[in-house]
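These notes concern the structure reproduced below.
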Amino acid sequence: GNGGTANSLVPVPVSGLSGATAVTAGLLHSCARIDDGTVQCWGRNGNGQLGNDSTTSSSTPVTVSGITDAVAVSAGGTHTCALSADGTVRCWGYNAFGQLGNDTTTSSKVPVPVVGITGAVAVSAGAGHTCALLGDTTVRCWGLGHRGQLGNNSTANRRTPVAVSGLTNVMALSSGA
């Protein structure tokens, strides 16, 4: 995010980024939630994971299209998701496994709403799947499920959210590979 492509062994400031309240890193891209509710991303963009209606990579932050009320952001392997103030979730980027949650496997260069998610209080994007914590303390996940990562007693991929079996009173979540 500093305008260059050289590796650094010490932290460097992200060029032009101010008002960041949270930061998240995916496989080859990073994003920040800005205090005005927008999201800015930088890095590799081959699958639209920067969310700026492009597949051109950027070594400095670019603003994600259409996100103005984000309260959280989470970068996965090659996709990104934002939690809106109204409890909905929108995702963008690579979608071969349904990890955008919009009932397709078509990737998107701009944010698309996750089908059926309302009342979310947290979102976590993994390598090929995504999960949301709902206000009722249950969890829904979608996307790649080949190793059981959706928690629904299945190894099938799901293009829309499914309930995670046996979890109640959840306080936080985190998705991995």
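Between ALA156 and ALA25, what is the label-to-label distance in nm when each label sits 7 Å out along the Cα-to-Cβ direction?
A separation of 3.7 nm, rounded to one decimal place.
Only one of the values [x] 20; [y] 41; [z] 16 was calculated from this structure for percent of Cα pairs over 29 Å apart; name its label.
The value matching this structure is [z].
Karplus couplings for segment 132-147 from phi (6.51 cos²θ - 1.76 cosθ + 1.60, θ = phi - 60°), rounded to Hz, Gly and Pro as x?
Once θ is set to phi - 60°, the couplings for segment 132-147 become 10, 8, 8, x, 7, 6, 9, 10, 10, 9, 7, x, 5, x, 4, 10 Hz.
Ordering LEU28, LEU50, LEU144 by accessible area with a probe of 1.4 Å, largest first, what comes out? Write down the numbers at each step before the final one.
Values: LEU28 100, LEU50 0, LEU144 25 Å².
Reading off the accessible areas and sorting them downward yields LEU28, LEU144, LEU50.
Just add up the charged neighbours of ASN152: K/R +1, D/E -1, any other residue whose Cβ is under 10 Å from the Cβ of ASN152. Mind dumping the intermediate values first?
On the way: positive: ARG140, ARG158; negative: none.
For residues surrounding ASN152, the net value is +2.
I'd like the carbon and sulfur percentage of the solvent accessible area for the chain, probe radius 1.4 Å, heavy atoms only, ligands and nucleic acids excluded. Don't skip to the answer; put the middle values down first.
On the way: 4150 of 8100 Å².
Carbon with sulfur: 51 percent of the solvent-accessible area.
Can you compute 3J(HN,Hα) from phi for each residue in segment 153-169, using the Karplus curve 6.51 cos²θ - 1.76 cosθ + 1.60 with θ = phi - 60°, rounded to whole Hz and x for Gly and Pro?
6, 8, 10, 7, 6, 10, 8, 9, x, 10, 6, 7, 5, x, 9, 9, 6
Roughly speaking, what is the stretch gain from ASP35 to ASP69, that is 0.36 nm per residue apart minus the C-alpha to C-alpha distance, in nm to one decimal? Spell out each step's value before the answer.
On the way: separation 34, 0.36 × 34 = 12.24 nm, distance 0.95 nm.
Net length gain for the segment: 11.3 nm.
Tell me which residues come under 5 Å, amide H to amide H, from VAL123 once H is placed; ignore anything under 5 positions away on its chain.
So VAL123 has HN proximity to LEU133.
Mind checking the per residue accessible area of segment 1-68 for me, 1.4 Å probe, whole number of Å²? List each step's numbers first, then the result.
Numbers: 3620 Å² over 68 residues.
Accessible area per residue, segment 1-68: 53 Å².
Out of residues 5 or more away from THR21 or on other chains, whose amide H comes under 5 Å of its own, with H placed 1.01 Å from N in the peptide plane?
So THR21 has HN proximity to ARG33, ILE34, ASP35.
Can you tell me the FRET efficiency between ARG147 and SER18 if r is taken as the Cβ-Cβ distance and R0 is 25 Å, rounded to the nearest 0.05?
With a Förster radius of 25 Å, E is 0.05.
Is the C-alpha gyration tensor of segment 87-177 telling us rounded, prolate or oblate? Criteria: a/c under 1.5 is rounded; beyond that, a/b larger than b/c is prolate, otherwise oblate. Can you show the working numbers first?
Working: a/c = 1.85, a/b = 1.23, b/c = 1.51.
It comes out oblate by the Cα gyration axes.
The values are calculated or read from the model by the stated rules, or taken from the named source; none is laboratory data. Given the structure is predicted, the values throughout are model-derived calculations rather than measurements. Don't worry about glycine lacking a Cβ; one is built from the backbone with ideal geometry, like all the others, and counts go over all protein chains shown. Only protein heavy atoms, including side chains, enter the accessible area calculation; ligands, DNA and RNA are left aside. Shrake-Rupley method; radii C 1.70, N 1.55, O 1.52, S 1.80 Å.
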